[in-house]
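**Student:** Got a structure for you, questions after.
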Amino acid sequence: MPQRPYLFSGTIEHNLRFGKPEATDAELWDALTVAQAADFVREKKDGLGSRIAQGGTNVSGGQRQRLCIARALVTEPKVFLFDDSFSALDVATDARLRKALKATTADATVIIVGQRVSTIADADQILVLDNGRIVDRGTHEELLETSPTYQEIVESQLSAEALA
């Protein structure tokens, strides 16, 4: 999942079946549910048959991200790479999506590149980068105790949230 999600012109269904043309409607709806996209697709007049403009310009950034995540889920890969794929989501949607993903991706390797601490806090292993170099590694709790760089990141995000 790239930072900038991309949708093809066609329908929502066409986009979701891109990597697995034989996917059932149930598989599509399951993926949409996990990706927190089922509600907005159901609200569309044509549901899965709703048109998507080239690049997904007729849906919001968060909807694009969620549709692309659903498309990835339909293919059931063994490895997921989410490159800042949750950045256009509000914090509550991000949390619901990650919770739903946890069960769905239990047998897969999941790599999340993220800038929000809340997005990566539950990871089994967090790599802290500084100027492109790994400076620390551990769980959220371990890094809070041992990593000045991670502590600084957490504090800056908490301060920003407290001020908002």
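**Student:** Can you find, within region 1-17, the residue that is farthest from the chain's Cα centre (by Cα) among those that are closer than 17 Å to PRO77 by Cβ and modelled with pLDDT of 95 or more?
**Tutor:** This residue is ARG17.
**Student:** Under the condition of being in a loop (DSSP other than H, G, I, E, B) and under 15 Å from the mean Cα position of the chain (by Cα), which residue from region 24-68 is nearest to ILE12 (Cα to Cα)?
**Tutor:** Out of the qualifying residues, it is ALA37.
**Student:** Then there is this: Would you please name the residue that is modelled with the highest pLDDT, looking only at residues in region 114-164 that are under 16 Å from VAL91 (Cα atoms) and among the β-branched types (Val, Ile, Thr)?
**Tutor:** Among them, the one singled out is VAL154.
**Student:** Scan region 69-94 for residues that are assigned to a helix (DSSP H, G or I), touching a Ser or Thr at 6+ places or on another chain (Cβ under 7 Å) and not charged (D, E, K, R) and jot them down.
**Tutor:** Hits for region 69-94 are ILE69, LEU73, VAL91.
**Student:** Here's a follow-up. Just need a number here: residues in region 98-112 that are touching a residue at least 40 places away in the same chain (Cβ under 8 Å) and of a type in the set (Val, Ile, Thr).
**Tutor:** Going through region 98-112 one residue at a time, the tally reaches 1.
**Student:** Take the residues in region 74-95 that are modelled with pLDDT of 90 or more and not β-branched (Val, Ile, Thr), then tell me which one is nearest to ASP25 (Cα to Cα). Before you say what the answer is, go through the steps one by one.
**Tutor:** Within region 74-95, the first condition is being modelled with pLDDT of 90 or more, and the residues that meet it are 74-81.
Filter once more, so that each one left must be not β-branched (Val, Ile, Thr): 76-78, 80-81.
Working: GLU76: 15, PRO77: 18, LYS78: 22, PHE80: 22, LEU81: 25 Å.
Out of the qualifying residues, it is GLU76.
The values are calculated or read from the model by the stated rules, or taken from the named source; none is laboratory data. On a predicted model such as this, the values are computed, not experimentally measured, just so you know. Cβ atoms come from the backbone with ideal geometry, glycine included; neighbour counts cover every protein chain shown.
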